[in-house]
Amino acid sequence: MSSATAWTDDHFIAGDVALDFANTVYRRTPEMGADLLNNIDALTAWLRHTELLPDDARDPFEDSQAALRQARRLRELFWAVFEARAEGRELPANALADLLDAARRGVGSDVTVGSDGSATPLTAQGTLTVLALYGIRLALSPSSLPVRACDRCGWFFIDTSRSRRRRWCSMKTCGNQAKAARYRSSHV
Ligand SMILES: [Zn+2]
């Protein structure tokens, strides 16, 4: 088994936790071996990094392989829905319906929602429900929260730039690579 991804703040650049979760793969092509959510330890470490899963939670998932499958499925639903938003299309009904199903799982037992509207996972399983709720919140949010996809790697982010023309997930990675590529192509 490959070793779990070591998450750093560079993996959390989207400005929204649901988009950060969607960004746990490069170019949204896990079959090409770029899946950062490569095993259950990577998933639990991601959930801890976001503080969705408390540090002291032990033996988090009852069935870790099932949880990993559910997490990856949730991520696919996010891709379908957020890609539509990024491209200015109507949200795909099937993906949205499946996302709503994922968001109702365990409400009341694995997840509680407080008077301020904040969802709290009570179990590890509940963290996936909370993620689905966050996904729906963003999917249905007003267009003042513009979802974009990086021109280079496909990662999603909320474009809060003043011009609303941000193209890269991060200047540190894709932005600089794009600049370097432009430089090379203009100096041959
Ligand atoms: Zn990028």
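Worth pointing out:
- Cα gyration tensor of the stretch 52-116 - equivalent ellipsoid semi-axes, whole Å, descending: 26, 16, 11
- Per DSSP, loop trypsin sites (Lys or Arg not before Pro) in the stretch 49-140 with at most 12 further Cβ within 10 Å: Arg58, Arg89
- Crossing angle, helix 124-139 versus the chain [Cα axis fit, 0-90 degrees, rounded to tens]: 50 degrees
- In a DSSP loop and with at most 15 other Cβ atoms within 10 Å, the GluC sites (Glu not before Pro) in the stretch 80-188 are Glu90.
- Gyration tensor verdict on the stretch 9-185 (Cα atoms; rounded if a/c is under 1.5, prolate if a/b is larger than b/c, oblate otherwise): prolate
- The value of relative contact order for the chain, using C-alpha pairs under 8 Å at least six residues apart, is 22 percent.
- Other residues with beta-carbon under 15 Å from the beta-carbon of Ala119 carry, at +1 per Lys or Arg and -1 per Asp or Glu, a net charge of -1.
Only the coordinates and a few stated rules stand behind these numbers; no lab work does. In this text the structure is predicted, and so the values were computed from the model without any measurement. Here the Cβ is made from the backbone with ideal geometry for all residues, glycine too, and neighbour counts use every protein chain on show.
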